[in-house]
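Nothing in this text is a laboratory measurement; each read-out follows from the coordinates by a stated rule. Source: prediction; values computed, not measured. Please note: Cβ atoms are built from the backbone with ideal geometry, for glycine as well, and neighbour counts cover all protein chains shown.
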Amino acid sequence: MKLPLEKTVDIILDKLDDSINQLAKVISKNSEYQIKSDDIQNFLQNQYDVRLQNLLNSQKIEIHHLESGMKNKIIQRKQKLFEEISTMHII
């Protein structure tokens with residue numbers, strides 16, 4: 001049984017939020033990552049985009065085929081995630 005598109009995207013975004021949060025925590029705790037704050041944010045945003053595309057592709061969803069409301073939801077979730085990460089002083 002296939003889930004409705006909106007529910008599938010919600011699940012993908014939940015996984016993505018967890019994944020990027022974990023990556024941000026690893027970067028903040030690991031001294032091997034001697035990266036400036038701006039560079040960390042760019043890296044995490046790039047990882048977000050790549051992972052989003054991979055998760056969508058795994059469900060055979062093309063981002064450019066999503067309706068604008070769904071794209072806006074993704075953008076809002078991304079902004080919220082990075083606001084939360086920045087309040088944790090990771091970036």
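Residue by residue, the stretch 61-70 carries 3J(HN,Hα) couplings of 10, 9, 4, 6, 8, 6, 5, 4, x, 5 Hz when phi is fed to the Karplus relation 6.51 cos²θ - 1.76 cosθ + 1.60 (θ = phi - 60°); x denotes Gly or Pro. Given their separation in residues at 0.36 nm each and the Cα-Cα distance between them, ASN57 and SER86 gain 7.6 nm when the chain is fully extended.
The modelled label-to-label distance between GLN47 and ASN30, using points 7 Å beyond Cα along the C-beta direction, is 0.8 nm.
Residues LEU3, LEU16, ranked from the fewest to the most other C-beta atoms within 10 Å, line up as LEU3, LEU16.
When exposed loop sites are taken as GluC sites (Glu not before Pro) in a DSSP loop with at most 15 other Cβ atoms within 10 Å, the longest stretch of the chain clear of them is 1-31. Let me spell out the model: positive unit charges on the Cβ of Lys and Arg, negative unit charges on the Cβ of Asp and Glu, origin at the Cα centre of the stretch 5-87. What dipole size does that give, in debye rounded to 20? With Lys and Arg at +1 and Asp and Glu at -1, about 80 debye. The lysines whose alpha-carbon is closer than 30 Å to the alpha-carbon of LYS71, local same-chain residues fewer than 8 away aside, are LYS2, LYS7, LYS15, LYS25, LYS36, LYS60, LYS80.
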